[in-house]
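Each remark here refers to the structure printed beneath this line.
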Amino acid sequence: MISPLAYIHPEAKIGENVEIAPFVFIDKNVVIGDNNKIMANANILYGSRIGNGNTIFPGAVIGAIPQDLKFRGEESTAEIGDNNLIRENVTINRGTAAKGRTIVGSNNLLMEGVHVAHDALVGNGCIIGNSTKMAGEIVIDDNAIVSANVLMHQFCHVGSHVMIQGGCRFSKDIPPYIIAGREPIAFSGINIIGLRRRGFANEVIESIHNAYRIIYQSGLNTTEALKKIEDEFEKSPEIDYIINFIRNSERGIIK
């Protein structure tokens, strides 16, 4: 059902079975897929691309221009996947010339007041807590949990299956499978409960745990620690992911 009190630009493309509440604004150059629910006072602006089965709550703004003074009006997009819950007052800006698009994947929960800045990439199955703010060009891999009021510096990378404590701020990368917390933010162990809930076998969890013991507790520098893991550990997707994540980190990882 589309309310007669909503504004939909004639050039916008709306899929089937889309519910649009009163006072929704949908701009031109917008594509919205099937089975979406858009609640009152949401704004879907120029360049937005929304998949199927999403619920967008009151006050959300998708596709606003970047809060970046380098932006010069270039064509760019804000792309949302499928089956996301985008809660009240979430803002997702579109991209800049740097990457051209901001992407939020599928099956995510973005709680009230979350900000996703220009050219960010949020993967699938993530939970982002209330009022967390992501700066430009950050990357969050799949199944990460970021608690409330977290501040993320631009260009940071957060690994899969991470749990980040509420109220943290960070300017370095957070490698996969760990818990990060305290002030200043630091490695606080591996996310054992989260990994078990996701079906990781005990031997895999133990291997991850042993790898991080070498990285954080052996006294070796990062290069030496990664070499030791490569030499001594049986190869697995999880260990390869940890090694490649840390080795390719441009900002360095948290302590």
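How much of the DSSP bridge set in the chain is antiparallel, in percent, rounded to the nearest 5? The antiparallel fraction comes to roughly 5 percent.
The C-alpha atoms of the chain define a longest principal axis, and helix 202-217 lies at about 70 degrees to it.
Across the chain, Cα pairs under 8 Å and at least six residues apart give a relative contact order of 9 percent. When the chain is treated as a GNM with alpha-carbon contacts under 10 Å, the residue of 109, 195, 220 showing the greatest mean-square fluctuation is 220. A full extension of the chain between residue 235 and residue 98 corresponds to an added length of 45.8 nm, given 0.36 nm per residue minus the alpha carbon distance.
Beyond 30 Å in Cα-Cα separation lie the following of the pairs 70/133; 172/227; 133/227; 99/227; 28/133: 133/227; 99/227. Spin-label pair residue 34-residue 210: with each label point 7 Å from Cα along the Cα-Cβ axis, the two points sit 4.9 nm from one another. How large is the translational diffusion coefficient of region 193-246 in µm² per second when you combine the Kirkwood radius over alpha carbon pairs with Stokes-Einstein at 4 °C and 1.567 mPa s? My calculation gives 113 µm²/s for D. Here the Gaussian network model covers the chain, with springs between Cα atoms less than 10 Å apart; of 222, 96, 55, 222 fluctuates the most. Here the Debye sum runs over all C-alpha atoms of the chain as equal scatterers in vacuum, and log10 of I(q)/I(0) at q = 0.09 Å⁻¹ comes out as -0.43.
Here the calculated FRET efficiency for residue 171 and residue 1, from their Cβ-Cβ distance with R0 = 30 Å, stands at 0.05, rounded to the nearest 0.05.
Expressed as a whole percentage, what fraction of the accessible surface of the chain belongs to carbon and sulfur atoms when a 1.4 Å probe is rolled over the protein heavy atoms? Answer for the chain is 51 percent, counting heavy atoms of protein chains only. Once you have the Kirkwood Rh of region 5-136 from its Cα pairs, apply Stokes-Einstein at 10 °C and 1.306 mPa s and quote D in µm²/s. Once the numbers are plugged in, D ends up at 112 µm²/s.
Counting only alpha carbon atoms, the long axis of helix 222-232 and the longest principal axis of the chain meet at about 70°.
The values are calculated or read from the model by the stated rules, or taken from the named source; none is laboratory data. All of these numbers come straight from a predicted model, not from anything done at the bench. Glycine also receives a Cβ, built like all others from the backbone with ideal geometry; neighbour counts cover every protein chain displayed. Surface areas here come from the heavy atoms of the whole protein model, side chains and all, with no ligands, DNA or RNA. Shrake-Rupley method; radii C 1.70, N 1.55, O 1.52, S 1.80 Å.
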